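Structure first, then comments.
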């Protein structure tokens, strides 16, 4: 499970039906700068460090296998420092 | 879910039966320059910033598990700047 | 779906039973130089630019879920230039 | 299966229900410095070199398909040197 | 399917039950130096060049879906030169 930082909610006017009822966040790898979008069943705040599940586990982790994500936040890490990523 | 920019439709005279009835797009990671092909159930336009689902979720996201893709566009992102990728 | 160039058939005297009846090709990412092996249900020729499906979609794309590949050619791209990869 | 070094237990006050009853470890790739979180069904100690399974195999390896991980420790490697990673 | 070179058997005194009855090998990407662990249903020798299947295909390729690997050797490549990787 990857370790990433929460940056912002995702703003999108159009999404497929399989993602309509979920909260989406932009996550950032602070080392590489790469951003990804994840489903957030946890209720994260900007700046939180989280770990994520990829693949079919992400659908179950989103609380419903019908959620068509490949990345879901699984928990918030306590006391994580940016340089640890 | 990865964040990519729509570049162009994919032109191909031959494709496997499992992809015959879908719209295919070339997507580009503007940071690395890498291009990928994705199924587009959304109806994107060139230049749109989109996020994509990978793996088995991509087949469901394409609207039909019989579509043999590993990458499908899940939504169009509003107000995304190239430098954010 | 990744975009790769067909280099050559794969020559191997031993393969597992789950791959015995399929045509295997060496594909090359011309940007990174990395080579991979894919099942070819299409009948590609050396130099063709193709796009490939990864994961469980690759098994279905090979025409039979019993084919134990993780990468299958899904179509031949028309008019692709090397610098586009 | 990837080869990684055990660094520390993961400290997190909130995690999704699908990960509540498992032991989580931070693993580190000593070559790239990248850290990941894995389920530990083995009982590793800090400094151990382990190999991990990714994807759906990770859920079974955790001892229960209901565990929503994408990375699980599968064994402890004997006599591994850091420079081998 | 990735192309890798067989380096050595994996020596580990502890492994999860789902991997107890299989032969494990350390494989090496000679270009990047990265090592991985794979199930070997083929009987490779040190120095052999092999291609591998990833993900759920790896479990079937190991001869039994109960084998909790994410990487399995699928065949030995003839006449492969190191510089081709």
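Nothing in this text is a laboratory measurement; each read-out follows from the coordinates by a stated rule. Note that the structure is predicted; figures quoted are calculated from it, not measured. So basically every Cβ, Gly included, is an ideal-geometry build from the backbone, and we count neighbours across all protein chains shown.
Data overview
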{"item": "Prolate/oblate/rounded label for segment C:7-57 (Cα gyration tensor, a/c 1.5)", "result": "prolate"}
{"item": "Prolate/oblate/rounded label for the protein assembly as shown (Cα gyration tensor, a/c 1.5)", "result": "oblate"}
{"item": "Shortest-first nm distances, residue D:11 label point to equivalent points in other copies (7 Å, Cα→Cβ)", "result": "3.6, 3.6, 5.9, 5.9"}
{"item": "Mean ellipticity per residue at 222 nm, deg cm²/dmol - from DSSP H runs of n ≥ 4 across the protein assembly as shown, formula -39500 (n - 2.57)", "result": "-1500 deg cm²/dmol"}
{"item": "Residue B:13-residue A:14 FRET efficiency (beta carbon distance; Förster radius 25 Å; 0.05 resolution)", "result": "0.25"}
{"item": "Taking D:45, B:35 and counting other C-beta atoms within 10 Å, the order from fewest to most", "result": "D:45, B:35"}
{"item": "Inter-part distance where segment A:17-85 and segment B:33-85 are each reduced to a Cα centre, Å", "result": "18 Å"}
{"item": "Inter-label distance for residue A:82 and residue C:79, nm, one decimal - labels placed 7 Å from Cα along Cα-to-Cβ", "result": "4.6 nm"}
{"item": "Residues C:65, D:14 arranged by fewest to most Cβ contacts within 10 Å", "result": "C:65, D:14"}
{"item": "Relative contact order (%) - criterion: Cα under 8 Å, at least six apart; region: chain D", "result": "31 percent"}
{"item": "Shape category assigned to chain C from the gyration tensor of Cα positions, a/c cut at 1.5", "result": "prolate"}
{"item": "Copy-to-copy label separations for residue E:30, where each label sits 7 Å from Cα toward Cβ, in nm and ascending", "result": "2.5, 2.5, 4.1, 4.1"}
{"item": "At 7 Å out from Cα toward Cβ: residue E:79 inter-copy label distances (nm, ascending)", "result": "3.8, 3.8, 6.1, 6.1"}
